[in-house]
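J.: Dumping the structure here so I can ask a few things about it.
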Amino acid sequence: MALREPGKGAGFLRFLVKVVVGKPRPGMEKEDVRKILVVRIDERLGDLLLTTPLIRAVGRWAKERDGIVKTLVSERYSSILNGNPYIDEVLTFQKRDFFRHPLFFTRLLKRLRAEAFDAVIDASHPQVFSRTSALLAYATGAPYRIGHDRGAARLFFSRPVPVLQPVDQVTEAEHKRTLLHPLHVPKASARMDFFALEADNTGRARAKALDFLSHVTSKKGAPGGPLVGLYPGGRKKEQRWPLEHFITLGKALNMHNHAGLVVFWGPGEIQLAEKIASRIENAALAPPTDLLELAALIEVMDVFVSNDTGPMHLSSALGIPVCGIFLTGAGKRYGPFGPLGRVVDGIDGPPSPDAVIGAVEDLLSSRTTTEVKV
């Protein structure tokens with residue numbers, strides 16, 4: 001995938017930031033870095049989860065130095081980071097403020113400057129230059145402003161980092177690890193983190209999931225085998241495995257593995273999920289969920305099967321065996337990886353139902369003996 005170049009105006013935006021908050025602070029030795037900001041502001045569940053290994057690496061390194069780590073993330077998915085022990089504070093960002101409420105945006109820029117960060121890491125996509133993310137990083141005035149070197153990055157970052165090539169043949173974890181090099185931060189494993197369920201003192205989400213599980217397993221004729229979650233949706237329709245393939249998969253798992261099926265869905269996807277659930281014997285339609293409830297419901301699955309979308313990454317972060325279905329060759333970059341992950345990638349089109357069935361059955365046969373390495 002070729003790197004995308006920015007449009008005009010990046011230099012003018014940098015000039016405006018200087019007018020509002022002034023020039024960046026002068027350089028400093030990396031040994032003196034104590035206060036760090038990690039920026040990931042796009043409104044995508046998977047992207048923020050994929051950034052958690054970087055946050056963990058920075059957090060561990062900072063704590064050894066009595067340092068502080070804060071994050072700046074989209075308000076929509078900020079709850080993903082609830083309970084994360086590697087973060088001292090989660091700052092939130094709403095992109096609409098940039099256009100609709102410039103005064104709010106100006107206040108954010110001034111707050112970022114007042115925080116006096118020593119280093120800021122822009123963890124946005126390595127192949128796509130984000131003006132907004134780069135602008136926020138520049139506004140901190142941190143001596144170490146780290147981001148991938150693409151587009152107009154050198155106008156905003158004091159430590160631009162080369163993008164590994166070819167972009168889609170390198171795992172997202174490896175792309176993120178390169179951002180640790182300027183500060184000599186030791187890399188962490190690619191395991192994603194999700195602590196929000198443990199941080200939920202009410203237990204509301206897990207109680208709802210267990211209630212649903214009890215309802216599904218107590219139904220007359222319910223299979224007594226493993227419980228498999230299916231996620232046929234996804235933000236990009238061109239990345240969705242065909243409906244008929246999901247039905248074939250569900251019927252095979254029901255027949256040969258006596259599996260119970262739960263069909264998950266997100267905004268605008270309930271009709272798709274209903275079509276699949278109605279054509280598989282004993283398949284249940286997942287209830288409406290918020291993010292925490294979705295995590296709790298995935299947590300009670302024995303295996304989760306999903307297109308390349310946020311819930312696939314969430315299941316991996318929860319330590320649930322997951323089969324990720326890819327149609328465009330992106331499986332090498334986005335996983336899921338590790339002993340509990342299986343990637344089925346059609347490269348130039350949908351993989352066959354047999355390929356996915358084989359991967360899921362492999363996960364089912366090994367789920368009781370495999371451990372996750374931390």
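J.: I'd like to check which helices (runs of 4 or more DSSP H) are fully inside segment 281-351 and have at least 1 residues that are modelled with pLDDT under 95, of a type in the set (Gly, Ala, Ser) and at negative phi. Outline the logic, then answer.
T.: On the way: elements: 291-299, 310-317, 331-334.
So the answer is 331-334.
J.: Within segment 301-317, identify whether any single residue is over 18 Å from LYS236 (Cβ atoms), among the hydrophobic types (A, V, I, L, M, F, W, C) and surrounded by fewer than 19 Cβ atoms within 10 Å (Cβ to Cβ), and answer yes or no. If you could, list the steps in order and put the result at the bottom.
T.: If we filter segment 301-317 for residues that are over 18 Å from LYS236 (Cβ atoms), which is where we start, we get 301-304, 315-317.
When the remaining residues are screened for being among the hydrophobic types (A, V, I, L, M, F, W, C), the result is 301, 303-304, 317.
Those still in the list that are surrounded by fewer than 19 Cβ atoms within 10 Å (Cβ to Cβ) too: none.
No, because not a single residue in segment 301-317 is over 18 Å from LYS236 (Cβ atoms), among the hydrophobic types (A, V, I, L, M, F, W, C) and surrounded by fewer than 19 Cβ atoms within 10 Å (Cβ to Cβ).
J.: If we keep just the residues of segment 19-59 that are of a type in the set (A, V, I, L, M) and not in a helix (DSSP H, G or I), which is surrounded by the fewest Cβ atoms within 10 Å (Cβ to Cβ)? Can you show your working first?
T.: Here is the first cut: in segment 19-59, the residues of a type in the set (A, V, I, L, M) are 19-21, 28, 33, 36-39, 41, 45, 48-50, 54-55, 57-58.
Next, from what is left, pick out any that are not in a helix (DSSP H, G or I): 28, 33, 36-39, 41.
Details: MET28: 13, VAL33: 22, ILE36: 27, LEU37: 25, VAL38: 25, VAL39: 26, ILE41: 22.
This residue is MET28.
J.: Here's a follow-up. Quick one: would you say ARG44 is modelled with pLDDT of 95 or more, in contact with a Ser or Thr (Cβ under 9 Å, 6 or more places away or on another chain) and closer than 21 Å to LEU197 by Cα?
T.: Numbers: modelled with pLDDT of 95 or more: no; in contact with a Ser or Thr (Cβ under 9 Å, 6 or more places away or on another chain): yes; closer than 21 Å to LEU197 by Cα: yes.
So ARG44 does not fit the description; no.
J.: Would you please name the residue that is farthest from SER315 (Cα to Cα), looking only at residues in segment 58-87 that are in contact (Cβ under 8 Å) with a residue 40 or more places away in the chain and touching a Ser or Thr at 6+ places or on another chain (Cβ under 9 Å)? Explain how you work it out, then say what you get.
T.: Step one: of segment 58-87, the residues in contact (Cβ under 8 Å) with a residue 40 or more places away in the chain are 58, 60-61, 70, 72, 77, 79-86.
Okay, now just the ones that are also touching a Ser or Thr at 6+ places or on another chain (Cβ under 9 Å), so 72, 80-81, 84, 86.
Values: LEU72: 24, ILE80: 13, LEU81: 15, ASN84: 17, TYR86: 21 Å.
Per the stated criteria, the residue is LEU72.
J.: Specify the residue that is nearest to ARG333 (Cα to Cα); the eligible residues are those in segment 127-178 that are touching a strand residue (DSSP E or B) at 6+ places or on another chain (Cβ under 6 Å), in a helix (DSSP H, G or I) and free of Cβ contacts under 8 Å to residues at least 60 places away in the same chain.
T.: THR178
J.: Please state which of the following conditions PRO223 fails to meet, knowing it meets all the rest: (1) in a helix (DSSP H, G or I); (2) free of Cβ contacts under 8 Å to residues at least 60 places away in the same chain; (3) not aromatic (Phe, Trp, Tyr).
T.: Answer for PRO223: the failing condition is (1).
J.: Scan segment 69-103 residue by residue and report those that are in contact with an Asp or Glu (Cβ under 9 Å, 6 or more places away or on another chain), within 21 Å of ALA57 (Cα to Cα) and charged (D, E, K, R).
T.: Selection gives LYS70 alone.
J.: So which residues in segment 143-156 are under 20 Å from PHE93 (Cα atoms) and either modelled with pLDDT of 95 or more or surrounded by fewer than 18 Cβ atoms within 10 Å (Cβ to Cβ) (or both), if there are any at all? Working first, answer last.
T.: Quick first cut of segment 143-156, residues under 20 Å from PHE93 (Cα atoms) only: 145-147, 156.
If the condition is that a residue be under 20 Å from PHE93 (Cα atoms) and either modelled with pLDDT of 95 or more or surrounded by fewer than 18 Cβ atoms within 10 Å (Cβ to Cβ) (or both), then ARG145, ILE146, GLY147 are the ones that fit.
J.: Pairs only if they're at least six apart or on different chains, beta carbon under 6 angstrom, first in segment 245-270 and assigned to a helix (DSSP H, G or I), second of a type in the set (Lys, Arg); list them, first residue then second.
T.: Listed pairs, sorted by first residue: ILE247/ARG279.
J.: With the condition kept exactly as written, say whether any residue in segment 91-110 is assigned to a helix (DSSP H, G or I) and either at pLDDT 95 or above or among the polar types (S, T, N, Q) (or both). Please lay out each step first, then the result.
T.: Quick first cut of segment 91-110, residues assigned to a helix (DSSP H, G or I) only: 96-100, 102-110.
Checking which are either at pLDDT 95 or above or among the polar types (S, T, N, Q) (or both) leaves us with 106.
The answer is yes, given that some residue of segment 91-110 is assigned to a helix (DSSP H, G or I) and either at pLDDT 95 or above or among the polar types (S, T, N, Q) (or both).
J.: Next question, about the same structure. Any idea which of (1) among the small types (Gly, Ala, Ser); (2) closer than 21 Å to LEU50 by Cβ; (3) surrounded by fewer than 17 Cβ atoms within 10 Å (Cβ to Cβ) is the one SER218 doesn't satisfy?
T.: Every condition holds for SER218 apart from (2).
The values are calculated or read from the model by the stated rules, or taken from the named source; none is laboratory data. Quick caveat, the model's predicted, so the values are computed rather than measured. When we count neighbours, we look across all protein chains shown, and the Cβ atoms used for this are built from the backbone with ideal geometry, even at glycine.
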